[in-house]
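Written below as structure tokens is the structure these notes are about.
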Amino acid sequence: MTSSRVLIVGAGMAGLTAARELAGNGVKTVVLDKGRAVGGRMATRRIGDARFDHGAQHFGMRDSAFRRAATDWMGIGLLREWYHAPDRDGVPNVRHSAVGGMRRIAELLADGLDVRLATDVTSIGHADGTFVAGTATGPVADGQAIIVTTPVPQMLGLLDRGDLKPPPDLHEALESVAYNACLAVMARLAGVAGLPDGHLTPDDSPIAWIGDNEHKGTSPVPAVTIHSTPAFAADHLDEDPASWVPVLCDAAAPLLASPISETRGHRWRYAEPQRTFDTGAFMYEAGGPVVLAGEVFAGARIEGAFLSGRRAARALLDRL
């Protein structure tokens, strides 16, 4: 097993969890991601001394395996309870956030792994028992198996170009997956945000969510993240941020205790799949084992991406 190497496309929660699971069982991995930082939508960004979680905001715990991992993160001071959401079937629903930003969880998972950032994989080929991942400038890595964890449209684009199409039924199901987009504004404030419990979901607004990054332990200074509704994002997704950032800020201003002093905008084109599958991951043969994983295979949550990554790794461990 130690002679095998697995290529993993995507350094979000699913890809990094799969890589750690495989590495813990003696399998070498190479994780490739087009971003400049690990984490995918577990994204944290700075504006001066302000820090923003501008993608995933928090998570709960349902599965015992994820709870064990999160308990370890809490034990080293990386994780904290943020607020209590409404109970689920009488069970307390505590929402957790990462101290200093959600990306810190991904950075912990990536520590010690072969992760290659700013690597935009545009092709996956297969020849002589080996998968080869390439960018616009040529091949970058190879392996005996591959895990793809990107959003579904990107996933199918890669697989179809490389003649690695999933089985027809799965391909058809994946083609039907649509995503909600989200437009995010990172807004530094002149003073405290004043949001009840550190967050707010407004009614009748282009805003779906406002989160106080100072309240949740992400930022040392007042800073909020504003997420648009899917409908607002669909109408403005391809516009210049200069056109939609002020609209969202104007809608947020009456809800905040202090004025906004500085902003940045960010588009999340694939913020949330509109449908998900309950397989955890899916493996098929295309000259070698190909595994598809990510939140779309296990529920659109951080926990789902974690569980999908574990399922992907275990499927390959049984195969290699």
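The values are calculated or read from the model by the stated rules, or taken from the named source; none is laboratory data. Note that the structure is a prediction, hence the values are computed from the model and not measured. Virtual Cβ from ideal backbone geometry, glycine too; neighbours counted across all protein chains shown. SASA here: full protein model, heavy atoms, side chains in, ligands and nucleic acids out. Shrake-Rupley method; radii C 1.70, N 1.55, O 1.52, S 1.80 Å.
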For this session: Would you mind checking the radius of gyration and Dmax of the chain based on alpha-carbon positions, in Å?
Result: 20.0, 63
Exercise. If packing is taken as the mean number of other Cβ atoms within 10 Å per residue, what is the order of 217-226, 39-48, highest first?
Worked result: 217-226, 39-48
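If you place +1 on the Cβ of every Lys and Arg, -1 on the Cβ of every Asp and Glu, and leave all else neutral, what size is the dipole of segment 98-229 about its Cα centre, to the nearest 20 Debye?
Values: 7 positive and 16 negative charges, 83 e Å.
The calculated dipole for segment 98-229 is roughly 400 debye.
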For this session: Find the accessible area per residue for segment 18-105; the probe is 1.4 Å, ligands and nucleic acids are left out, and the unit is Å².
Result: 46 Å²
For this session: Enter the Cα centre distance for the pair segment 217-263 and segment 97-129, rounded to the nearest angstrom.
Result: 28 Å
Problem set entry | segment 109-153: relative contact order as a whole-number percent, Cα under 8 Å and 6+ apart | 24 percent
For this session: Name the residue farthest towards the positive end of the dipole of the chain from the options V27, G90, F306, assuming +1 on Cβ of Lys and Arg, -1 on Cβ of Asp and Glu, about the Cα centre.
Result: V27
Problem set entry | Student exercise, segment 84-161 dipole from Lys, Arg, Asp, Glu Cβ charges, in Debye to nearest 20 | 280 debye
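Give the peptides 61-68, 141-148, 110-117, 93-100 in descending order of average Cβ contacts within 10 Å, highest first.
On the way: 61-68: 14.1, 141-148: 23.5, 110-117: 16.0, 93-100: 18.8.
Ranked from most to least packed, the peptides come out as 141-148, 93-100, 110-117, 61-68.
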Seminar exercise, completed: For segment 121-137, in residue order, the Karplus 3J(HN,Hα) values (coefficients 6.51, -1.76, 1.60; θ = phi - 60°; whole Hz; Gly and Pro = x) are 6, 10, 8, 10, x, 9, 7, 6, x, 10, 8, 10, 9, x, 10, 4, 9
For this session: Please find, in a Gaussian network model of the chain (springs between Cα atoms separated by less than 10 Å), the residue of V291, V247, V121 whose mean-square fluctuation is greatest.
Result: V247
For this session: Using the charge dipole of the chain (Lys, Arg: +1 at Cβ; Asp, Glu: -1 at Cβ; taken about the Cα centre), state which of V152, A286, P220 has its Cα farthest towards the positive end.
Result: P220
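Can you tell me the order of 17-23, 281-287 when each peptide is scored by its average per-residue count of other Cβ atoms within 10 angstrom, highest first?
Descending packing order for the listed peptides: 17-23, 281-287.
Treating the beta-carbon of each Lys and Arg as +1 and of each Asp and Glu as -1, no other charges, what is the dipole magnitude of the chain about its Cα centre, to the nearest 20 debye?
With only Lys, Arg, Asp and Glu charged at Cβ, the dipole is about 880 debye.
Take every Cα pair under 8 Å in segment 30-131 that's 6+ residues apart, average their separations, divide by the length, and report that relative contact order as a whole percent. Intermediate values should be presented prior to the final figure.
Details: 139 pairs, mean separation 40.9, N = 102.
This gives 40 percent for segment 30-131.
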Exercise. Taking a quarter of the surface of the Cα convex hull of segment 239-320, what do you get in nm²?
Worked result: 8.8 nm²
Problem set entry | Cβ-based net charge around P254, under 14 Å, with every Lys or Arg adding one and every Asp or Glu removing one | -3
